[in-house]
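Okay, so here's the structure we're looking at.
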Amino acid sequence: MEFNRSGANALMDITSRPELVFVRGQGSWLEDHNGKRYLDMIQGWAVNALGHSPQVVVDAICAQSKLVLNPSPGFYNAPAMRLAELITESSCFDTVFFANSGAEANEGAIKLARKWGRVHRQGAYKIITFEHSFHGRTLATMSASGKAGWDTMFAPQVDGFPKAILNDIESVRALVDDQTVAIMLEPVQGEAGVMPATQEFMNQLRELTHERNMLLIVDEVQTGMGRTGTLFAYEHFGIKPDIMTLGKGIGGGIPLAALCATEAASCFAHGEQGGTYNGNPVMTAAGVAVFETLTAPGFMETVNERAEQLSTGLLALSKKWGMNGERGLGLLRALKLDQHDGPAIVEAARNRNPNGLLLNSPRPELLRFMPALNVAADEIDLALSEVDAIITQVRG
């Protein structure tokens, strides 16, 4: 199969892409248009919770597509009702709004918090977020994010997102005023380089929000749905947030996200939130299949076994190469390099023969690992040995 340059040119140029086309995938492996296979430790940026083309998701999509594709969000449909029920039964939340992307779910969380502030806090609207955070690519979620340069990229920003420092409670307290309605954070900052919040900090945030009558919002677009070794990352900390967003892994590879809220935080009036495809039955049928797989007996125990295996292997690599250790929760982990050669390692890994390896370097001094939650033990071992060989290659 030839690479279609005219087809590539027809796509809007929004990122640098290598000249390869992935044509099929199964589990932890992808195959390109030349027949080359790649061990995938990215999985669509933690999207493919069960790997590529998992049979349970394929079956759910096929079965539902023969029944009804889109009755409109103005009516109930069975898969959406079932998935909402599964989420509320397994969490501290009472209501769910389904969206198409994590950014859309986070946009909804911002709107819900501002509406709550109007109803309960005399119009308070500010939401404290954090430096280096990532909440999406809409104007509001970019404004909420703490990525360098995003404050001017599409200026003017949406107002009302002062930035604190993760794991520094005094930096948060200094920003609270009468107009502050919520604090919003990722339990693990993924794009920042897999930076987890500490137990103490999460407890302090919950205490502060209770003390000042504010909402606590957890953005679990990347950390939710088993990624950190518990179904939701907030469970690690023993706290109960008011609002949570989900995305990526909830659909197992298809566009699905969720805005979850407690009954006390749910205050949208009719007409204030919606969307053409929200709660689409095909998407939510896939979500049900993913959810039931993740919560099946023994599944999360295996996730944590693979997480321990990956962590131990990364620490061994770090020790061998004199690096700076590793960090993360569950199967969201980062190897802390001692040089800024992450991008070079990623490129060499992809170009390796006969099989490539897909890695991610969100910062030049880091490699991020987000394998399928059902990745096999021998696939973890293979990835670790390949990383070792690739570092040898890149560093000579």
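Derivation of every value follows stated rules applied to the coordinates shown; laboratory data play no part. Please read these numbers as outputs of a predicted model, since none were measured by experiment. Here the Cβ is made from the backbone with ideal geometry for all residues, glycine too, and neighbour counts use every protein chain on show.
Details
- Rel. contact order, % - alpha carbon contacts under 8 angstrom, at least six apart, segment 81-147: 24 percent
- Computed FRET value (nearest 0.05) for GLN273 with ASN34, which takes r as the C-beta separation and R₀ as 35 Å: 0.15
- Sorting the segments 237-246, 335-344 by their residues' average number of neighbouring beta-carbon atoms within 10 angstrom, most packed first, yields 237-246, 335-344.
- Of all DSSP bridge pairs formed entirely within the chain, close to 60 percent run antiparallel.
- Once you divide the Cα radius of gyration of segment 55-294 by 2.2 N^0.38 Å, the number left is 0.98.
- Global geometry of segment 1-149, whether rounded, prolate or oblate, following the gyration tensor of its Cα atoms and the 1.5 cut on a/c: oblate
- For segment 245-371, the relative contact order works out to 15 percent when only alpha carbon pairs closer than 8 Å and six or more residues apart are counted.
- Note on TYR76 and GLU305: their simple-model spin labels are 4.1 nm apart, each label 7 Å out from Cα toward Cβ.
- Shape of segment 138-223, Cα gyration tensor, a/c cut at 1.5: oblate
- Shape class for segment 212-251: oblate, because the ratio a/c of the largest to smallest gyration tensor axis (alpha-carbon atoms, square roots of eigenvalues) is 1.5 or more and b/c is at least a/b.
- Ordering of 102-108, 116-122, 18-24 by packing [mean C-beta count within 10 Å, highest first]: 102-108, 116-122, 18-24
- Here each label is just a point 7 Å from Cα along the line to Cβ, and for ALA155 and ARG24 those points are 5.1 nm apart.
- Förster-model FRET efficiency, 30 Å R0, THR88 and ALA10, C-beta, rounded to 0.05: 0.10
- Computing FRET efficiency as 1/(1 + (r/R0)^6) for ASN213 and LEU139, where r is the C-beta to C-beta distance and R0 is 30 Å, gives about 0.60.
- Alpha-carbon centroids, segment 188-249 and segment 302-332: separation in whole Å: 22 Å
- Summing charges over all other residues whose Cβ lies under 13 Å from the Cβ of GLN26, with Lys and Arg as +1 and Asp and Glu as -1, gives -1.
- Projecting the Cα atoms of ALA286, ILE87, TYR76 onto the charge dipole of segment 55-294, computed from C-beta unit charges around the Cα centre, puts TYR76 farthest toward the positive end.
- The separation of segment 6-20 from segment 356-383, counted between C-alpha centres, amounts to 24 Å.
- Taking the helices alone, the chain has a mean residue ellipticity at 222 nm of -11000 deg cm²/dmol, built from -39,500 (n - 2.57) per DSSP H run of at least 4 residues and averaged over all its residues.
- Per-residue Cβ neighbour rank within 10 angstrom, fewest leading, MET214, MET225, MET1: MET1, MET214, MET225
- Spin-label zone in segment 331-361 - amide nitrogen under 20 Å from a point set 7 Å from the Cα of GLU131 along the C-beta vector: none
- Placed amide H near GLU326: partners under 5 Å, 5+ positions off or other chain: LYS336
- Distant-in-sequence amide H partners of GLN189 (H built 1.01 Å from N, under 5 Å): MET195, ALA197
- As a length-normalised measure over Cα pairs under 8 Å and 6 or more apart, the relative contact order of the chain settles at 22 percent.
- Approximating the spin labels as points 7 Å out from Cα along Cα→Cβ, the LYS66-to-ASP177 distance works out to 6.1 nm.
- Taking Cα centre as origin and charging only the Cβ of basic (Lys, Arg, +1) and acidic (Asp, Glu, -1) residues, the dipole magnitude of segment 55-294 rounds to 460 debye.
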